[in-house]
Amino acid sequence: MDTSLLEASLYTVKAIAILDNDGERIISKFYDDTFPTVKEQKEFEKNLFNKTHKANAEIIMLEGLTCVYRSNVDLFFYVIGSSQENELILVSVLNCLYEVISQILRKNIEKRTLFDHLDSAYLAIDEIVDGGIILEADPAAILQRVALKGEDVPLSEQNFKDVVASKLEVGQRTMKVIQSAKDQLPWNFLKN
Amino acid sequence: MNLRRDKKDEEDGGSSNPFQGLEKSMVIQEARSFNDTPIVPRKCCHILTKVMYVLNQGEQFGTLEATETFFAMTKLFQSNDSMLRRMVYLLIKEMADIADDVIIVTSSLTKDMTGKEDLYRAAAIRALCKITDSTMLQAIERFMKQAIVDKVPSVSSAALASSLHLMKQNPDVVRRWVNEVQEAASSDNIMVQYHALGLLHHVRKNDSIAVSKMVSKYTKGGLKSPYATCLLIRISAKLLEKEEYRDSSPLIDFIESCLRHKSEMVIYEAAHAIVNMKDTTARELAPAVSVLQLFLSSPKPTLRFAATKTLNKVAMTHPAAVTACNLDLENLITDVNRSIATLAITTLLKTGSESSIDRLMKQIGTFMSDISDEFKVVVVDAVSSLCSKFPRKYSVMMNFLASMLRDDGGYEYKKAIVNSLVGIIEENPEAKEAGLSHLCEFIEDCEHTSLATRILHLLGQEGPRTPKPAKYIRFIYNRVILENAAIRAAAVSSLAKFGAHCEPLLPSIMVLLERSLLDSDDEVRDRATFYLNILKQNQKALNSAYILNGLAVSVVGLERALHHYTIEPSEQPFDIKTVPLDTQPFAEHKVTSDVSPAARPAEKAAPPTQEIYAEQLAAVPEFAHIGPLFKSSKPVELTESETEYIVRCIKHTFPKHVVFQFDCTNTLNDQQLEEVYVQMESAEGLEVETVVPAPILKYNQPGTTYTLVQLPDDNTEVASVFSNTLKYSVKDCDPNTGEPDEEGYEDEYVRVMKPNFMASWEEIGEDNELEETFALSTKTLEEAIQNIVNFLGMQPCERSDKVPEGKSSHSLFLAGVFRGGVDVLVKARLALQDTVKMQITVRSTDPEISELITSAVG
């Protein structure tokens, strides 16, 4: 642990990751070249997961980095920063991430639901941190910016629309059949 | 639509991850459907998500593939679905670096960025700044300026953050926006404020006056964002580092006032800043430590972690300041978070008293297996520093370290433990036996070859000198039976040392070594045969020369000498004496002959000095025949310290001879002594065999002269009194510069031109390299170079005697051949401050000549 002060900079977050319960990456964003290749990134994630999945302890130092984390059922949320970074800032980012994802998934924080809303999750992370700079850490503001139009419409309603559309389609098809049947009728008569 | 749902159902049925097994080629294929009309937003959105996912999993897109997908994606701008559009922005950013011609979306993005839809604008700005290059930046500059001061916070933040990213490539353009940024800094939105402050600081980073102005403006108040306040604290702390009079600074007051901020984040940042300031006083620390103490009992693990970590840092420099928190820290030993517990313990170890050690060690022992190797190393370091603090407690700590050594752990961790144990053994003679037996146990089951060989070497060195050397033999011999070649070889050497040192063990050692004669590895066999034959001779001198003390030659030098010998075979056998000795760097050499030994603790210098003396003496050719150095005495002052010459005497005892080393220092600045030697006359009639005079003794530069006296065969007659006379010839020299008023050495050199100086430089190597620094009285570099060249009479190479205009430093390369055909190269680095400073490095194939040249220059 060196004693030098951190350069005052907006670049605070080194990485954000969401892993599943096998330590596999679902979403992760690395914002600087601490781990230049995906292979190294994934190795680090595995290592991180192995150290954190048992004890729910919120913070760990790993490979000279400070990692804060939270988990729920089968999802693990991580925010990673330099070892000299203010840990409380990292936690504020983590809490925002967790809160936003929780809202997007309607409190149903599970891998399965996350995969259904992966696009929104990507957008949310993009709104929280931009290239290492904390863009916004207020969950309400993020949710407003992600503005879940379309996706925001509850799934049942969306399905309803689809159902209506397909019903209509079916209806039209029936009409067509009847129409063609009608057209064919005179011919049949003629043949007879 | 139907099709998509069907597919999704299938996937859901298969596994919980619908994206599992997604292949790049498949996704690229699907992305072609972006070209279909009409665009189906949901379907396209899903495909985009897939592309994102595949990219994020680390699949490499080729430039062609990426470009194709990218172009297909641009079609999606036709749709007005907001979700889809946002995903497109996201992917544009992802693909900006891998696809070609990404700037074709510039106009679409510019349209969105200036459009009415706030939702698009912020994201469009960020995407645009990601793809833009310096030429395009000019075109969007106007929009960026507008965006920075936009009233919508997300737009303004996006513009500010993107500007900071742009600073990396186009700092000049961004600098032009500083007025807008300043306006944004007074925004009501806390994030905009934070980003604007960060950008402002970055722009002005190199202008410390502007930074301090900025800081003093914002420290007066007006920052609402805790992030911005943290940033300001950090900037202030950086400024304080440079300030000389810290106490009166308003910045200190600002940071201290932040300790009472309502946000924990800010309080911690302020405390952290105070702790990390250079030479903080106890008074400054007190308020910071007390807020950290409050954090220690916080329910939030991160807060506890941060506080403990910072207190740990305080404990390194001001252990007394932390003692107030000891009670809280002790509660943290049982913290569920092992990192916190470890930090708490190491902090306590630093502040704790001797009496609390036993208890602490017991507590650490219970959870060592749960923490990461990095923390284990921290604990090991803390324990070993504790050991030197309380040497009486060594047994507790040694047992603790030994038990850690038994547990699983990586190489770094084990190495740290072994280092600590070795350190304790060296520092504390009482701990030696216990430590060695722990290490013996460790090598019984050690997977790290380098650690095992290191321990075997240590055993060979220390083991024979313990009261019961026999007990180590079993451990060492086990290695010979069980381990790999490198360890076996080390074990054989170690065994031989026991044999050489301990007479009673010799027969058994011989038996054991005989068994290695048929080893499968060459090195092991060779070593065994070699040692066995020497041990058979049973001569102390041989043992000492070949087993207990290794060769003192430099390995590189030996290699080169042998190589040379094989190229030019001669009748004569290879002479090891021609190989340059493994000498210490010159700087160290100088320290030992320094006039003021009082400046450093004598006992600390003791172990290395003997080695250095041995090397110094071995470097004197006249003493080549007298065998290895047995013992060197401590320096004795022969003169009063106020006299014209200061002479110290060091007595080196050899098997048959005594060498008196006289370190002489000339305290007269207008005289130079030459051919200095000490004439010794003994009452008992001991013969003076050789005298090695010091060639030149300049003002305030110690010189050394040696006198070799042969000891009589009768060992009883060693007490003797010598009367000494210092003989020398005096030369006057210019008292101002210290440069002697005499001619150069021109008659001794032949000027040679070395067309490629550096190659010759490397060729001669560093073995006879000497380095000195001088201050010259000349005022210009040209003059200095002229003087040096004339004085040394050597040839400047590679046009290095010409100094480029307006430079304040220069390197001069000189080459020459000394009489006797010895190549001499000189590299002089000159720097012009008020006067010219010169650092001169001399290389030659003969160490004496290097020394001569170096001293000639002074």
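Please work out which residue is surrounded by the fewest Cβ atoms within 10 Å (Cβ to Cβ), limiting yourself to region A:13-36 and to residues that are in a loop (DSSP other than H, G, I, E, B) and within 11 Å of chain B (Cβ to nearest Cβ). If we take residues in region A:13-36 being in a loop (DSSP other than H, G, I, E, B) and within 11 Å of chain B (Cβ to nearest Cβ), then A:Asp22 is surrounded by the fewest Cβ atoms within 10 Å (Cβ to Cβ). In the set (1) modelled with pLDDT of 75 or more; (2) more than 10 Å from chain A (Cβ to nearest Cβ); (3) buried (at least 22 other Cβ atoms within 10 Å of the Cβ), B:Asn312 fails one condition alone, (2). Residue count for region A:105-123 under the criterion of being more than 7 Å from chain B (Cβ to nearest Cβ), surrounded by fewer than 24 Cβ atoms within 10 Å (Cβ to Cβ) and closer than 29 Å to B:Ser156 by Cβ: the result is 2.
Quick check on region A:93-101. Is at least one of its residues touching a residue at least 24 places away in the same chain (Cβ under 8 Å) and either part of a strand (DSSP E or B) or in contact with a Ser or Thr (Cβ under 7 Å, 6 or more places away or on another chain) (or both)? There is no residue in region A:93-101 that is touching a residue at least 24 places away in the same chain (Cβ under 8 Å) and either part of a strand (DSSP E or B) or in contact with a Ser or Thr (Cβ under 7 Å, 6 or more places away or on another chain) (or both).
Of the residues making up region B:446-462, none is farther than 20 Å from B:Leu421 by Cα, without any contact (Cβ under 8 Å) to a residue 24 or more places away in the chain and either hydroxyl-bearing (Ser, Thr, Tyr) or out of contact with any His (no Cβ under 7 Å at 6 or more places or on another chain) (or both). Screening region B:182-192 for residues that are under 22 Å from A:Asp138 (Cβ atoms) and either touching a helix residue (DSSP H, G or I) at 6+ places or on another chain (Cβ under 6 Å) or more than 9 Å from every other protein chain (Cβ to nearest Cβ) (or both) and picking the one that is surrounded by the fewest Cβ atoms within 10 Å (Cβ to Cβ) gives B:Asp188.
The number of residues in region A:37-58 that are facing chain B (nearest Cβ under 8 Å) and modelled with pLDDT of 90 or more comes to 2. Output yes when any residue across region B:279-286 is under 28 Å from the mean Cα position of the chain (by Cα) and farther than 18 Å from B:Thr346 by Cα, and no when none is. Yes, region B:279-286 contains a residue that is under 28 Å from the mean Cα position of the chain (by Cα) and farther than 18 Å from B:Thr346 by Cα. Before we move on, is A:Asn95 at pLDDT 90 or above and among the polar types (S, T, N, Q)? So A:Asn95 fits the description; yes.
A quick yes/no check of all residues on (1) of a type in the set (A, V, I, L, M); (2) modelled with pLDDT under 70:
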{"site": "B:Val789", "(1), (2)": "yes, no"}
{"site": "B:Met794", "(1), (2)": "yes, yes"}
{"site": "B:Pro804", "(1), (2)": "no, yes"}
{"site": "B:Leu812", "(1), (2)": "yes, no"}
{"site": "B:Val826", "(1), (2)": "yes, no"}
{"site": "B:Leu852", "(1), (2)": "yes, no"}
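Within region A:71-100, the only residue that satisfies the criterion of being within 11 Å of another protein chain (Cβ to nearest Cβ) and more than 21 Å from A:Leu10 (Cα to Cα) is A:Asp74. The residue list A:Leu65, A:Leu5 contains one member that is within 11 Å of chain B (Cβ to nearest Cβ) and either out of contact with any strand residue (DSSP E or B) (no Cβ under 6 Å at 6 or more places or on another chain) or at pLDDT below 85 (or both), which is A:Leu5. Filtering region B:193-215 to residues that are away from chain A (no Cβ under 11 Å), under 19 Å from B:Val173 (Cα atoms) and surrounded by 17 or more Cβ atoms within 10 Å (Cβ to Cβ) leaves B:Val203, B:Arg204. For residues in region B:448-479 being among the hydroxyl-bearing types (Ser, Thr, Tyr) and in a helix (DSSP H, G or I), which is nearest to the chain's Cα centre (by Cα)? The qualifying residue nearest to the chain's Cα centre (by Cα) is B:Ser450. The one condition from (1) surrounded by 18 or more Cβ atoms within 10 Å (Cβ to Cβ); (2) over 27 Å from B:Arg142 (Cβ atoms) that B:Asp112 does not meet is (2).
All conditions in (1) surrounded by 19 or more Cβ atoms within 10 Å (Cβ to Cβ); (2) out of contact with any strand residue (DSSP E or B) (no Cβ under 6 Å at 6 or more places or on another chain) hold for B:Ser353, with the sole exception of (1). Tell me, please, whether a residue that is within 12 Å of another protein chain (Cβ to nearest Cβ), over 22 Å from B:Lys111 (Cβ atoms) and part of a loop (DSSP other than H, G, I, E, B) can be found in region B:50-58. Scanning region B:50-58, I find at least one residue that is within 12 Å of another protein chain (Cβ to nearest Cβ), over 22 Å from B:Lys111 (Cβ atoms) and part of a loop (DSSP other than H, G, I, E, B), so the answer is yes. Residue count for region B:87-122 under the criterion of being assigned to a helix (DSSP H, G or I), within 18 Å of B:Asn56 (Cα to Cα) and either away from chain A (no Cβ under 14 Å) or not hydroxyl-bearing (Ser, Thr, Tyr) (or both): the result is 8. Counted as qualifying within region B:336-435 are the helices (runs of 4 or more DSSP H) with 1 or more residues that are over 23 Å from B:Thr453 (Cα atoms) and of a type in the set (Ser, Thr, Tyr), namely B:338-351, B:357-367, B:373-389, B:394-406.
The values are calculated or read from the model by the stated rules, or taken from the named source; none is laboratory data. None of the values given here were measured: they were computed from a predicted structure. Virtual Cβ from ideal backbone geometry, glycine too; neighbours counted across all protein chains shown.
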